[in-house]
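**Q** This is the structure I want to talk about, given as structure tokens.
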Amino acid sequence: MTDLTLREARGKSSSRLEWMLVALGILALVAAPFFVYPIFLMKMLCFALFACAFNLLLGYTGLLSFGHAAFFGGAAYFTAHSIKVWGWPPEAGILLGVAGAALLGLVIGFFAIRRQGIYFAMITLALSQMFFFFCVQAEFTEGEDGIQGVPRGFLFGLIDLHVPLNIYYVVLAVFLIGVFAIWRIVNSPFGMILRSIRENENRATSLGYSVANYKLAAFVMSAALAGLAGSVKAIVFQFATLTDVAWQMSGEVILMTLLGGIGTMVGPIVGAGLVVALQNMLATSDFPVTIATGLIFMVCVLVFRRGIVGEIYARVFHPAGSSKD
Amino acid sequence: MIFGIPIQAFLGQLLVGLINGSFYALLSLGLAIIFGLLRVINFAHGAQYMLGAFAGYLLLAHLGIGYWPALILAPLIVGVTGIIIERLALSRLYDIDPLYGLLFTFGLALVLEGVFRYYFGVSGNPYPVPPLLAGGTNLGFMFLPIYRGWVVVASLVICIGVWLAIEKTKFGSYLRAATENPSLVQAFGVNVPLLLTLTYGLGAALAGLAGILAAPVYQVSPLMGSNLIIVVFAVVVVGGMGSILGAIVTGYMLGLAEGLTKVFYPEASNIVIFVIMAIVLLVRPAGLFGKDA
């Protein structure tokens, strides 16, 4: 996605102000369960991690995947099944979910990176739909009902995840670790190469980088982290259903990222928070969520391509419009 | 008997495959025309197909307008809405990354689907087969419902007609030229923005036409387009969007492949097109008829 909006994406230097904001944000998240319903917060955190993982691919590698639901929902199924049917402890279940999502990412990515741009999006969509049909027919997903009543269990045999505050802080820890991992990846030499692929794939090739391998690596990492979000979600909500693997879910994570700001670190988190809050609000009214989602999509694409955080960056941090990385 | 399968069952599934293939061909044709000129993947194509079916259904239910006028009116309605959307929104997205066009039309598809789901629920509404095409005929080796035969013939005629129009007419030559090099064509005094608008309208109208053709075969339901469009995307990847004829041929071929799979290994019939797509990506990443690398 070599485009103005993305090129304006945030630079590598992080000012002191930004660090203070991050610290404040973390403090707010630590205090939040005392003021807001924890289940709702955990849903936000899971989707925020999902969106960040997705953004690693779209924002920093320039690949638009339309199939990330397969990794999110697939991992949720693997985790739920291993905990409920095999009696695995939560940490092993999460590990299996992440590994499964990474493997799925390897397979889907292997095919998808053979084409670029719009074809890449269509191929990921088609292959994730194939996985969806697999989940519809496979026995272990328990069909239309999904895997219900997954026990939360004890993390490392010690922490009782049935206690709301316990599970909240575990989810928060996973979220922070996941986002930190993404931040490290993005700002590593590896991440720089990914960005160079985003900006100019041919030039990256001519500099001697095997672009295909880097793309596949980014795809697998993004899938694994999306899987981490899905696994944790399965434990929090104690179920895994077809909703998590359906194409609408892939659309949702795109929306979160687009709304918050593609190629910004914080954008997907903000976007996920807003979308989840909006869904919660609309759940009690009779206004259909799909219409709201679609409208936000259209408005974002037409007039708001930088997203909320991208817009703030452009105005506050680079006001003169001289926003070169 | 063929490979232990009764010949009636075999031909029956082949016919189902041919009918599905007719819709794949019509829809991927529209997608290919739009993509060729606008460089936009029209995610709303499935929703426009649904809109065509609903236009027919509503015309009949509320105005008593039957199938034959609807066959003209429904595509016209969908085409005009397409033109409005192109003028108001899509035309602002041509200068930026094509992925934004995909995202915009995705949002549009969600809105259209959401609106119809809100008013009509998710259950399907039956649309009667027009009396002229009701009933069936015994071909000796199988029973052929006339309407299904009509769908296959009509879609073939439409596909070939559109292909000829693009290859042989003046408008078609402008279209092909503008696909190759829009700024040069503009320099020759052709109104390219108008051409883009009409092309999107034409593509949308084709989706609407497929929708009204499909109405008596499948039920008219708000969700009829969204699942189909993903399969059509796979068809488009297999064919490669470089050629109009390629899109048509691939559509029929994959429909038949799907029908055959239903005969021999029904469990895989949902995914066979995706599997073929994966194989084609391995062997010929540009697609069967694709030109681009």
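Please treat every number below as a calculation from the coordinates, not as lab data. Everything numeric in this text was worked out from a predicted model, so none of it was measured. Cβ placement follows ideal geometry from the backbone for every residue including glycine, while neighbour counts extend to all protein chains displayed.
**Q** Based only on other Cβ atoms within 10 Å, what is the fewest-to-most ordering of A:HIS68, A:HIS162, B:HIS45? Don't skip to the answer; put the middle values down first.
**A** Working: A:HIS68 32, A:HIS162 11, B:HIS45 28.
Least to most surrounded, the residues fall as A:HIS162, B:HIS45, A:HIS68.
**Q** Next up: Give, rounded to the nearest 20 debye, the magnitude of the charge dipole that region A:4-317 has about its Cα centre when Lys and Arg contribute +1 at Cβ and Asp and Glu contribute -1 at Cβ. Walk me through the intermediate numbers first.
**A** On the way: 18 positive and 14 negative charges, 231 e Å.
For region A:4-317, the charge dipole is close to 1100 debye.
**Q** Next question. Identify, among A:PRO189, A:GLY100, B:GLY240, the residue whose Cα sits farthest towards the positive end of the charge dipole of the protein assembly as shown, taking +1 on the Cβ of Lys and Arg and -1 on the Cβ of Asp and Glu, with the dipole about the Cα centre.
**A** Going by the Cα projections, it comes out as A:PRO189.
**Q** Only helices at least 20 Å long along their axis, Cα-based, and averaging -1.0 or more on Kyte-Doolittle count here, so list those DSSP H runs from chain B.
**A** On the way: long enough: B:7-38 (45 Å, 1.83); B:45-63 (26 Å, 0.91); B:67-88 (31 Å, 1.58); B:98-120 (33 Å, 1.25); B:146-168 (32 Å, 1.57); B:192-214 (33 Å, 1.83); B:224-239 (23 Å, 2.46); B:244-264 (31 Å, 1.39).
For chain B, where a helix must reach 20 Å along its axis and average at least -1.0, the hits are B:7-38, B:45-63, B:67-88, B:98-120, B:146-168, B:192-214, B:224-239, B:244-264.
**Q** Counting chymotrypsin sites (Phe, Trp or Tyr not before Pro) as exposed when in a DSSP loop with at most 11 other beta carbons within 10 Å, what is the longest stretch of chain B free of them? Working shown, then result.
**A** Working: sites that count: B:PHE3, B:PHE141, B:PHE188.
For chymotrypsin sites (Phe, Trp or Tyr not before Pro) (loop position, at most 11 other Cβ atoms within 10 Å), the longest site-free span of chain B is B:4-140.
**Q** Now, a different point. Give me the number: length gained by fully extending A:ALA212 to A:PHE140, i.e. 0.36 nm times residue separation minus the C-alpha to C-alpha distance, one decimal in nm. Don't skip to the end; give the middle numbers.
**A** Working: separation 72, 0.36 × 72 = 25.92 nm, distance 3.38 nm.
Fully extending the segment from A:ALA212 to A:PHE140 adds 22.5 nm.
**Q** Quote the relative contact order of chain B in percent (integer), defining contacts as alpha-carbon pairs under 8 Å separated by 6+ residues.
**A** It rounds to 37 percent for chain B.
**Q** Between B:MET50, B:MET241, B:MET142, find the one with the highest GNM mean-square fluctuation for chain B; connect C-alpha pairs within less than 10 Å.
**A** B:MET142
**Q** I'm a student and want to see the number: the projected area of the Cα convex hull of region B:1-160, averaged over all directions, in nm². Intermediate results must be reported in sequence, preceding the final value.
**A** Numbers: hull surface 49.1 nm².
Mean shadow area of the hull around the Cα atoms is 12.3 nm².
**Q** So, one more: What percent do you get for the relative contact order of chain A when only Cα pairs under 8 Å and 6+ apart count?
**A** For chain A, the relative contact order is 33 percent.
**Q** Would you be so kind as to identify which of A:MET298, A:PHE54, A:VAL211 lies farthest towards the positive end of the dipole of region A:4-317, taking Lys and Arg as +1 and Asp and Glu as -1 on Cβ and the Cα centre as origin?
**A** The Cα lying farthest towards the positive end belongs to A:VAL211.
**Q** Grab the other residues whose beta carbon is less than 15 angstrom from that of A:MET130, score K and R as +1, D and E as -1, and report the net. Present the calculation step by step, with values, prior to reporting the outcome.
**A** Working: positive: none; negative: B:GLU258, B:GLU267.
Summing Lys and Arg as +1 and Asp and Glu as -1 gives -2.
**Q** Let's see if you can work this out: charge +1 on each Lys and Arg Cβ, -1 on each Asp and Glu Cβ, no other charges. What is the dipole magnitude of the protein assembly as shown about its Cα centre, in debye to the nearest 20? Walk me through the numbers before you get to the answer.
**A** Details: 30 positive and 25 negative charges, 227 e Å.
Roughly 1100 debye, rounded to the nearest 20.
**Q** Please work out the C-alpha center-to-center distance from region B:243-293 to region A:65-83 and express it in whole Å.
**A** Taking the Cα centre of region A:65-83 as reference, the centre of region B:243-293 is 27 Å away.
**Q** Which loop chymotrypsin sites (Phe, Trp or Tyr not before Pro) in region A:68-158, with loop taken from DSSP, have no more than 15 other Cβ atoms within 10 angstrom of their Cβ? Walk me through the numbers before you get to the answer.
**A** Details: sites: A:PHE71, A:PHE72, A:TYR77, A:PHE78, A:TRP86, A:PHE110, A:PHE111, A:TYR119, A:PHE120, A:PHE131, A:PHE132, A:PHE133, A:PHE134, A:PHE140, A:PHE154, A:PHE156; in loops: A:TRP86, A:PHE140, A:PHE156.
Sparse-neighbourhood loop chymotrypsin sites (Phe, Trp or Tyr not before Pro): A:TRP86, A:PHE140, A:PHE156.
**Q** A further question follows. Summarise the long-distance tail of P(r) for region A:209-325 by giving the % of C-alpha pairs beyond 16 Å.
**A** Of all Cα-Cα pairs in region A:209-325, 70 percent lie more than 16 Å apart.
**Q** Please report Rg over Rh for chain A, where both radii come from the alpha carbon positions and Rh follows the Kirkwood definition. Spell out each step's value before the answer.
**A** Working: Rg = 19.0 Å, Rh = 19.9 Å.
Looking at chain A, the ratio lands at 0.96.
**Q** Right, here's the next one. Where does chain A land at 222 nm, in deg cm²/dmol rounded to the nearest 500, when only DSSP H runs of n ≥ 4 count, each adding -39500 (n - 2.57), divided by all residues? Each step should come with its number before you reach the end.
**A** Numbers: 14 runs with 224 residues, N = 325.
Rounded to the nearest 500, it is -23000 deg cm²/dmol.
**Q** So for A:PHE239, A:PHE54, fewest C-beta neighbours within 10 Å to most, what's the order? Before the final figure, lay out each step's value.
**A** Details: A:PHE239 20, A:PHE54 29.
The most exposed by this proxy come first: A:PHE239, A:PHE54.
**Q** Please give me the summed charge of the neighbours of A:GLU142: other residues whose Cβ is under 15 Å from its Cβ, Lys and Arg +1, Asp and Glu -1.
**A** On the way: positive: A:LYS84; negative: A:GLU139, A:GLU144, A:ASP145, A:ASP244.
Net local charge, A:GLU142 excluded: -3.
**Q** Among the helices of chain A (complete DSSP H runs), which have Cα atoms covering no less than 30 Å along the helix axis and a Kyte-Doolittle mean of at least 0.5? Mind showing how you got there, number by number?
**A** Working: long enough: A:38-61 (33 Å, 1.72); A:90-112 (32 Å, 1.91); A:117-137 (31 Å, 1.64); A:164-186 (33 Å, 2.00); A:211-237 (39 Å, 1.47).
TM-like helix candidates: A:38-61, A:90-112, A:117-137, A:164-186, A:211-237.
**Q** Counting only trypsin sites (Lys or Arg not before Pro) that sit in a DSSP loop (anything but H, G, I, E, B) with at most 10 other Cβ atoms within 10 Å, what is the longest stretch of chain A containing none of them? Can you show the working numbers first?
**A** On the way: sites that count: A:LYS12, A:LYS324.
Longest run free of exposed loop sites: A:13-323.
**Q** Averaging over every viewing direction, what projected area does the convex hull of the Cα atoms of the protein assembly as shown cover, in nm²?
**A** On the way: hull surface 120.7 nm².
Result: a mean projected hull area of 30.2 nm².
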